[in-house]
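Trainee: Sharing a structure here in structure tokens format.
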2 protein chains.
Amino acid sequence: MAHGEGARLSRALISKIILPRLCRSDRRHLVDAATVTTRGNRLAICTDSHTVTPLFFPGGDLGTLSVYGTVNDLVVAGATPRWLTLSLILEEGLPIPVLEAILDRAALAAERCGVEIVAGDTKVVPRGAADGIFINTAGIGELTGVECIGPQGIAVGDHILVSGPIGCHGIAVLAARETLGFDPAPESDLKPLFESVSALRNAVGGGTKAIRDATRGGVSAVLHEWATDCNLTFELDEAAIPVTESVRGACELLGLDPLVIANEGTFVAAVSAEESEVAVQVLRTLAGFEQASVIGRVCERTLTDVVLRRGHIRIPVEEPAGVLLPRIC
Amino acid sequence: MAHGEGARLSRALISKIILPRLCRSDRRHLVDAATVTTRGNRLAICTDSHTVTPLFFPGGDLGTLSVYGTVNDLVVAGATPRWLTLSLILEEGLPIPVLEAILDRAALAAERCGVEIVAGDTKVVPRGAADGIFINTAGIGELTGVECIGPQGIAVGDHILVSGPIGCHGIAVLAARETLGFDPAPESDLKPLFESVSALRNAVGGGTKAIRDATRGGVSAVLHEWATDCNLTFELDEAAIPVTESVRGACELLGLDPLVIANEGTFVAAVSAEESEVAVQVLRTLAGFEQASVIGRVCERTLTDVVLRRGHIRIPVEEPAGVLLPRIC
């Protein structure tokens with residue numbers, strides 16, 4: 001079970017068992033979307049299966065998630081999202097009005113992103129062989145401009161920024177599922193990232209080294225992956241990390257670290273130090289990104305991938321290893 | 001449960017509930033793959049979720065099926081398959097060697113078809129929330145030549161051909177699942193269709209009106225869909241329909257009609273009468289297609305979509321309505 005949570009065990013399953021079997025050696029790098037070329041045109045391609053429970057949660061639902069999640073993978077890869085496929089696995093007995101509501105949300109989300117759902121598939125499995133409904137989406141986007149140099153290009157002195165408060169999605173789904181009774185209920189950050197990522201790239205261009213949406217495994221998982229790629233250490237300033245009151249409260253109560261909690265509309269970026277102030281200012285002009293912040297910087301390699309500065313002490317940030325919050329996305 | 005079996009109820013679920021919500025009105029026609037244009041280049045896009053049980057069956061397995069199934073959807077749409085995404089939903093407790101074996105088969109199948117698996121995703125759900133493993137694949141192919149006119153172009157007098165014996169896949173999976181003990185065990189027809197469809201299109205070009213792989217709902221489902229599209233009636237000659245001994249025996253024993261049983265490497269084509277003899281001859285030169293046959297012709301519209309001629313009597317062929325064989329693909 002611990003293999004599905006987007007962090008260390010998951011990375012081991014994917015990198016040791018899945019990628020060597022399925023992918024060409026030059027494709028074994030974990031990225032949000034693959035790049036292919038068809039007769040001179042470059043495309044980004046990605047896929048995501050969505051198994052979130054509950055199907056509806058504050059700030060989102062399975063249908064919206066299955067569209068925005070895949071669209072955002074294309075966006076952080078530098079692509080303009082164009083087409084989606086949407087495939088349903090339905091458990092016998094799923095009420096039709098529930099299916100209808102989820103499809104309506106998915107359609108609305110696609111419309112908002114300007115992507116078209118062009119192909120689909122529906123399988124029904126017997127009661128007990130699936131949990132209500134799973135949705136897989138695959139996305140295709142057009143690559144036009146210059147892409148980021150990628151995490152290999154991250155250098156000492158670069159700044160790390162997040163586009164908003166972290167951990168909202170994971171806590172919102174967990175609170176809804178376990179009926180933890182927080183008041184007000186924490187809301188997911190689920191939203192499309194096209195506008196904000198475009199604004200960032202337009203504003204700082206080549207100064208943006210890498211962008212990732214911090215989904216499963218949260219900000220911590222992204223930075224651990226990047227640390228391996230660039231062989232440097234990330235030092236975060238705890239006081240600078242935006243966290244909402246409700247996420248902070250829930251994390252304290254449950255003994256969770258917001259850095260490892262999933263987001264669904266919040267990205268991490270590595271930006272050159274000269275450009276980071278502009279980057280943050282540009283993002284803060286956008287609705288939903290008012291709390292974009294520089295949260296740390298890139299340092300010479302030490303023994304740890306990621307360290308958190310709390311006042312004068314430095315705490316190693318472990319890579320999230322196992323089941324933190326299953327079925328978050 | 002009856003909604004997933006690729007025939008009448010499934011078509012109702014898809015056409016009444018799913019398509020109107022998700023797809024632009026000009027995309028609501030049921031086709032194997034959608035066509036899009038990116039900067040002048042035409043692509044075919046399709047998706048399929050695979051939930052077959054058992055995971056291994058005579059002639060195939062989930063991994064191979066999830067590659068060939070999607071590749072074949074691109075092929076019958078006239079595309080050259082290029083890229084696949086592959087997304088796993090794993091049930092907690094699935095033995096790693098089973099996963100490895102399935103992935104190895106998927107990789108081999110992709111290599112055989114010359115397609116590249118470029119993107120993936122893995123979700124693990126708790127025990128009981130899925131049945132072992134589900135695989136979704138999405139496929140992207142390049143459209144270069146002229147496509148078929150489509151089922152709307154089918155005309156009175158055209159011939160209907162099948163590329164080989166029908167019903168093998170469904171019977172093979174059913175026999176393996178229910179351990180029916182047939183000896184020899186019926187084998188699935190699972191195979192890629194690129195070579196055979198290309199050969200057909202090269203040989204008879206514009207004479208090929210429509211091609212479909214006869215998966216869920218079998219040959220009957222394809223012909224019922226086409227009958228609606230062209231508003232004509234298909235008359236089949238029972239004696240001309242290739243059926244293997246083991247499928248015939250199993251169908252007689254179980255009271256099933258081979259025309260409604262799923263295939264995974266057999267297609268139906270509507271071809272102009274002048275070209276049908278050439279079409280069959282060309283197909284029969286290919287390994288696995290030696291029994292390609294003209295099985296009927298297109299007639300003026302009568303009260304039924306499809307009718308089966310048995311000697312001097314004519315039997316209406318009903319559209320498969322509900323659960324014939326669940327979890328066949």
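Trainee: Identify the residue in segment A:52-77 that is open to solvent by 10 Å² or more (accessible area, probe 1.4 Å), in contact with a strand residue (DSSP E or B) (Cβ under 7 Å, 6 or more places away or on another chain) and within 11 Å of chain B (Cβ to nearest Cβ) and, among all such residues, is modelled with the lowest pLDDT.
Mentor: Top of the filtered list is A:A77.
Trainee: Just for segment A:142-168: of the residues that are over 14 Å from A:G207 (Cβ atoms) and β-branched (V, I, T), which one is most open to solvent (accessible area, probe 1.4 Å)?
Mentor: Selected residue: A:T144.
Trainee: Now, a different point. May I ask you to list the residues in segment A:78-96 that are within 10 Å of another protein chain (Cβ to nearest Cβ), among the small types (G, A, S) and surrounded by 19 or more Cβ atoms within 10 Å (Cβ to Cβ)?
Mentor: Across segment A:78-96, the qualifying residue is only A:S87.
Trainee: Contact list please: Cβ distance under 9 Å, first residue in segment A:9-22 and under 15 Å from B:G63 (Cα atoms), second residue among the hydroxyl-bearing types (S, T, Y), pairs at least six apart or on different chains.
Mentor: A:I18/B:T122
Per-residue answers, yes or no, for (1) open to solvent by 70 Å² or more (accessible area, probe 1.4 Å); (2) in contact (Cβ under 8 Å) with a residue 60 or more places away in the chain; (3) in a loop (DSSP other than H, G, I, E, B); (4) closer than 21 Å to A:A270 by Cβ:
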| site | (1), (2), (3), (4) |
| --- | --- |
| A:V298 | no, yes, no, yes |
| A:R314 | yes, yes, no, yes |
| A:P320 | no, yes, yes, yes |
| A:P326 | no, yes, yes, no |
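Trainee: So, B:G128, is that one part of a loop (DSSP other than H, G, I, E, B), assigned by TED's automatic domain parsing to the domain that holds B:L94 and touching a strand residue (DSSP E or B) at 6+ places or on another chain (Cβ under 8 Å) or not?
Mentor: yes
Trainee: Going residue by residue through segment A:192-200, is there one that turns out to be farther than 22 Å from A:A12 by Cα and part of a loop (DSSP other than H, G, I, E, B)?
Mentor: Yes, segment A:192-200 contains a residue that is farther than 22 Å from A:A12 by Cα and part of a loop (DSSP other than H, G, I, E, B).
Trainee: Looking at segment B:99-106, is at least one residue under 30 Å from A:K16 (Cβ atoms), part of a loop (DSSP other than H, G, I, E, B) and of a type in the set (D, E)?
Mentor: Within segment B:99-106, not a single residue is under 30 Å from A:K16 (Cβ atoms), part of a loop (DSSP other than H, G, I, E, B) and of a type in the set (D, E).
Trainee: Which of the following residues is more than 16 Å from A:K191 (Cα to Cα), surrounded by fewer than 24 Cβ atoms within 10 Å (Cβ to Cβ) and either modelled with pLDDT of 95 or more or within 10 Å of chain B (Cβ to nearest Cβ) (or both): A:R24, A:R105, A:R112?
Mentor: A:R24
The values are calculated or read from the model by the stated rules, or taken from the named source; none is laboratory data. Given the structure is predicted, the values throughout are model-derived calculations rather than measurements. Methodologically, a virtual Cβ is constructed for each residue, glycine included, from the backbone with ideal geometry; neighbour enumeration extends over all protein chains shown. Note: accessible area is taken over every heavy atom of the protein model, side chains too, but ligands, DNA and RNA are not part of it. Shrake-Rupley method; radii C 1.70, N 1.55, O 1.52, S 1.80 Å.
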